[in-house]
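One structure is given here, and the rest of the page talks about it.
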Amino acid sequence: MSNHRPVSAKSGKRVNLTGSCLCGKVRYKINGVARDIINCFCQQCRKTSGHYVAATRVSKDQFEIIDRTFLTWFKSSPGTFRGFCSQCGGNLFWDGGTDDQIGIMAGSLDEPTGLKTIENIFVEDASDYCDIPLIDLPNKLV
């Protein structure tokens, strides 16, 4: 199983965004610098999302959970937690616990985001059914 090594949000875009799960019972806002989107094909991301994860990353001090009614944190590996809505099952957050940043699932962001996909990681872990998105991106064996 791959070990995540988060890519920092420190060199991202200044944003003012909101987002939520499908049912809206977990809502959040971002006011700060967000990293552009990275697609992760590791086994854990595949198992939590049903395919692969597309995520941004922000500093925790620029991120606020507005409504946490059904927010649940699952310890997916030592020191790593994944936040999801226990009502609708929406996969929302990834916290590796090693720095002051949090990963946010791109699909949970309200549009327009102003972000773009910049990289594929853990491509060696992609399932045999999966074709890596054919976009002009570097593919990394992290």
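The values are calculated or read from the model by the stated rules, or taken from the named source; none is laboratory data. This one's a predicted model, so the numbers in the text were calculated from it and none came from an experiment. Cβ atoms come from the backbone with ideal geometry, glycine included; neighbour counts cover every protein chain shown.
Of all strands (runs of 3 or more DSSP E) completely enclosed by the range 35-124, which ones contain at least 2 residues that are closer than 17 Å to residue 21 by Cα?
Where strands (runs of 3 or more DSSP E) fall fully within the range 35-124 and carry at least 2 residues being closer than 17 Å to residue 21 by Cα, they are 53-59, 63-68, 71-77, 80-85, 91-95, 101-105.
Condition first: in contact with a helix residue (DSSP H, G or I) (Cβ under 7 Å, 6 or more places away or on another chain) and of a type in the set (A, V, I, L, M, F, W, C). Now tell me which residues in the range 34-53 satisfy that.
Hits for the range 34-53 are 37, 41, 42, 53.
Of everything in the range 75-113 that's acidic (Asp, Glu) and more than 16 Å from residue 15 (Cβ to Cβ), which residue is surrounded by the most Cβ atoms within 10 Å (Cβ to Cβ)?
Filtering the range 75-113 for residues that are acidic (Asp, Glu) and more than 16 Å from residue 15 (Cβ to Cβ), the one surrounded by the most Cβ atoms within 10 Å (Cβ to Cβ) comes out as 95.
Pairs needed: first member in the range 83-106, on the phi > 0 side of the Ramachandran plot; second member anywhere, polar (S, T, N, Q); C-beta distance under 8 Å; at least 6 residues apart or different chains.
97/80
Cβ-Cβ distance below 7 Å, separation of 6 or more or different chains: which pairs start in the range 1-29 with a residue that is more than 24 Å from residue 123 (Cβ to Cβ) and assigned to a loop (DSSP other than H, G, I, E, B) and end on one that is of a type in the set (D, E, K, R) and modelled with pLDDT of 60 or more?
25/67
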